Amino acid sequence: MNEERQVLKDAAIKIVGDRIIEIGAKEEIMASNPGASIVGSENFMVIPGLINAHQHLTGDRLIQSCIPSHIEDT
């Protein structure tokens, strides 16, 4: 997706080590990186790694003191 939240088609991602270096049109990235390894196919979709960021705050004594008593810990 670009900054306008449009899905990029026929795009490529240049990765060096564990870093994303460039995202853009497949033709442009391949032309500027001859001999690059290609992973994937035309039918691939790339999505960001999703992180489970939920939190159980009721176990912390300091946080517990801020939670109204009528809210149950489930």
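Computed from the coordinates by the stated procedures, all read-outs in this text should not be read as laboratory data. Remember, it's a predicted structure, so these values are computed and weren't measured experimentally. Every residue, glycine among them, receives a Cβ derived from its backbone with ideal geometry; neighbour counts consider all protein chains shown.
Simple spin-label estimate for N2 and I23 gives 1.2 nm between the two label positions (7 Å along the Cα-to-Cβ direction from each Cα). Note on region 1-47: Cα-Cα pairs beyond 17 Å make up 33% of the total pair count. Extension gain for the segment N43 to M30, taken as residue separation times 0.36 nm less the Cα-Cα distance, is 2.9 nm to one decimal.
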